[in-house]
Amino acid sequence: MTTKKTVSLRIAAFILTAVLFVGMLSGCSAVIEDPVVAKVGSVKVNLSQYYSLYSSYAAYAPYMGYDTSTPEGLMDFQDWVLEQTISNAVLIYEAKEQGIELTEEDMQEAQKDADEAFASALKQYETMIPSSITDEIEKQNAELELFTEDLKTTGYTVESYKAQLLENAIDNMRAEKLIENVKAGASVTDEEVEKHYSDKLEEQKKNYEETPAKYYEDYTYYLNYGVESGYLKPNYIPEGYIRVKHIYIPYASEDDKTTDTEGTSTKKTEQEARDLIETIQGKLAEGADFDALIEEYGEDTGMETEPFKTEGYLVHESIIDKYFEGWAEAALALSEVGDYSEPFDTTDSNGGKGIHIIKLIEKVESTEISFDDAKEDIHAFLLKQAEDKLYSETLAGWVENAPIKRYTSRIRYVGLS
């Protein structure tokens, strides 16, 4: 579930910057400056804040089109990160300009965020404490002592550092409220929802009939990421899909090194797995409930989570490659709902071995999801799009008109080896 604390990764970075900066300085003895790299009115962006956001995005730079192995690419990426920190600062500046107020509950939450950030900073010193210190209070005192020494190199005291964290948290909270206020101005009409449904239904019918595997792909994205991430449940199900459940018993192969802390294998031997499968077959012959046997014996965690626990796995001849070799073929060989397979072995891509019994639970008919069933998700999807568009346009306007100063020379060494 999304809460206001997940409104913006960029905003959340502000509360963490001082923590990360202290982490960078652990063990240093020289006095370290934290220069201002940008200003929006009286709101400052320090190098520590910039470095925090740079570190968050650095691993994704190549996927964003930045080749940081070249001087030009690195400079472009440095400038992009700077603009993100400036956008954050503009939000804080604009929140102050608009006089965004916080409730007592908001202030309590800001204090909690600041306390958690301080605890996170202390935690970075755990590995520096001698193993001879085992008492928890002594360990905490030793961490605080090391932390305090490092703070001196930044010009902070513990109290001033805590005050800075609280100020950051309050700024963060105000900015989030500002974003909420902007997004509250977005709306979606019933006509827009109906048009989206109709357009998508026709598009999906065509695409899924031509490429049935596309339905599986779209449905999987919906399950994994949901409407808030921009993925809707497909409005159409093509012909040929089935749903199955299975009992899976993994066993250790000769070269399997999976062991517990005492060096004992965490998997059954092959003979133990086959004996267990024989027991399960006996219970099935006596009329035992397949779901109950999954719960008692099965070791596929997917069968423990919804919607798979209730609906089973989707299988189609076009997506055989999505499963263990031989698994989908065994599922598709079942002809009647209620049938289950003979036990069979598979080996996964990592060499893991196991035995399966599959049961066919549904032959999925080609179906259109009704508008009434789809409209709530579509409305939420379109509203989020409208909110994001309105926010992006509003923020761009604020950035264009804000009193911004950039000190780009102060970020040029960030990211250099």
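The values are calculated or read from the model by the stated rules, or taken from the named source; none is laboratory data. Fair warning: this is a prediction, and the values are worked out from it, not measured in the lab. Cβ sites come from the backbone with ideal geometry, for glycine too, and all protein chains shown count toward neighbours. For the accessible areas, the whole protein counts, side chains as well, though only heavy atoms, and no ligand, DNA or RNA atoms are used. Shrake-Rupley method; radii C 1.70, N 1.55, O 1.52, S 1.80 Å.
Taking the Cβ of GLY397 as the center, what net charge do the other residues with Cβ under 14 Å away carry, scoring Lys and Arg +1 and Asp and Glu -1? All intermediate terms of the calculation are to be shown ahead of the outcome.
Numbers: positive: LYS389; negative: GLU94, GLU97, GLU393, GLU400.
Result for the neighbourhood of GLY397: -3.
Once label points are set 7 Å from the Cα along Cα→Cβ at both GLU203 and THR269, what is their separation, rounded to one decimal in nm?
5.7
So which chymotrypsin sites (Phe, Trp or Tyr not before Pro) in segment 318-417 pass both tests, a DSSP loop state and at most 15 other Cβ atoms within 10 Å of the Cβ?
Those that pass, being in a loop and sparsely packed, are TYR407, TYR413.
Taking the Cα atoms of segment 108-243, what is the range of coordinates along each of the three principal axes, in descending order and whole Å?
66, 41, 24
Once phi is turned into θ = phi - 60°, what whole-Hz ³J(HN,Hα) does the Karplus curve with 6.51, -1.76 and 1.60 give for every residue of segment 133-144, x standing for Gly and Pro?
8, 10, 5, 4, 5, 5, 4, 4, 5, 5, 4, 5
How are the C-alpha pair distances of segment 86-168 spread across 5 Å bins, as whole percents from the shortest bin up?
Distribution as computed: 3, 12, 17, 18, 16, 13, 9, 6, 4, 2, 0 percent.
Send over a whole-number figure in Å² for the accessible area per residue of segment 278-417, probe 1.4 Å.
With the other protein chains kept in place, segment 278-417 gives 59 Å² per residue.
Going through segment 351-403, which GluC sites (Glu not before Pro) have at most 10 other Cβ atoms within 10 Å and a DSSP loop state?
Answer by residue number: GLU365.
Can you give the alpha-carbon Rg of the chain over 2.2 N^0.38 Å, where N counts its residues?
Dividing the Cα radius of gyration by 2.2 N^0.38 Å gives 1.29.
What pairs from LYS214/LYS363; LYS152/LYS405; LYS96/LYS384; LYS112/LYS152; LYS233/LYS309 go past 21 Å between their alpha carbons?
Result: LYS152/LYS405; LYS96/LYS384; LYS112/LYS152 exceed 21 Å.
Any chance you could give the angle, 0 to 90 degrees and rounded to 10, that helix 371-401 forms with the longest Cα principal axis of the chain?
That helix lies at roughly 20 degrees to the long axis.
From the Cα trace of segment 268-413, what convex hull volume per residue do you get, rounded to a whole Å³?
Considering the Cα atoms of segment 268-413, their hull volume per residue is 246 Å³.
Excluding ligands, DNA and RNA, what is the solvent-accessible area per residue of segment 100-149 at a probe of 1.4 Å, expressed in Å²? Don't skip to the end; give the middle numbers.
On the way: 3390 Å² over 50 residues.
That works out to 68 Å² for each residue.
Which net charge results when you count Lys and Arg as +1 and Asp and Glu as -1 among the other residues whose beta-carbon is under 10 Å from that of GLN124?
Spelling it out: positives minus negatives among the neighbours equals -2.
Could you work out the relative contact order of the chain? I mean the mean sequence separation of Cα pairs under 8 Å and 6+ apart, divided by the number of residues, in percent.
Across the chain, relative contact order equals 22 percent.
Excluding same-chain residues fewer than 8 positions from LYS139, which aspartates and glutamates have a Cα within less than 15 Å of its Cα?
Leaving aside aspartates and glutamates fewer than 8 places away in the same chain, those within reach of LYS139 are GLU126.
What share of Cα pairs, in percent, lie more than 20 angstrom apart in segment 133-209?
Everything past 20 Å amounts to 68 percent.
Over the residues of segment 178-256, compute the C-alpha Rg and express it relative to 2.2 N^0.38 Å. Display every interim value, and only then the final one.
Working: Rg = 19.5 Å, N = 79, 2.2 N^0.38 = 11.6 Å.
Scaled against compact globular proteins, the figure is 1.69.
Treating the angle as unsigned and between 0 and 90°, give the value, to the nearest 10°, between the Cα long axis of helix 190-210 and the longest Cα principal axis of the chain.
Approximately 50 degrees, to the nearest ten.
What are the GluC sites (Glu not before Pro) within segment 166-258 that DSSP puts in a loop, where the Cβ has at most 14 other Cβ atoms within 10 Å? Working shown, then result.
On the way: sites: GLU167, GLU176, GLU180, GLU191, GLU192, GLU194, GLU202, GLU203, GLU209, GLU210, GLU217, GLU228, GLU239, GLU254; in loops: GLU239, GLU254.
In loop regions of segment 166-258 (DSSP not H, G, I, E or B), the sparsely surrounded GluC sites (Glu not before Pro) are GLU239, GLU254.
With each pseudo-label sitting 7 Å past Cα toward Cβ, what's the THR134-SER335 distance in nm, one decimal?
Reported label-point gap for THR134 and SER335 is 6.8 nm.
Work out the FRET efficiency for GLU217 and THR157 from their Cβ-Cβ distance, taking R0 = 51 Å, and round it to the nearest 0.05.
With R0 = 51 Å, the Cβ-Cβ based efficiency is 0.40.
Mind ordering 49-56, 79-86 by average Cβ neighbours within 10 Å, highest first?
Top of the packing list down: 49-56, 79-86.
Output the 0 to 90 degree angle, nearest 10, between the alpha-carbon long axis of helix 213-225 and the longest principal axis computed from the alpha carbons of the chain.
Orientation of helix 213-225: about 50 degrees from the principal axis.
Once every DSSP H run of n ≥ 4 in the chain is given -39500 (n - 2.57) and the sum is divided by its residues, what mean residue ellipticity at 222 nm do you get, rounded to the nearest 500 deg cm²/dmol?
-17500 deg cm²/dmol
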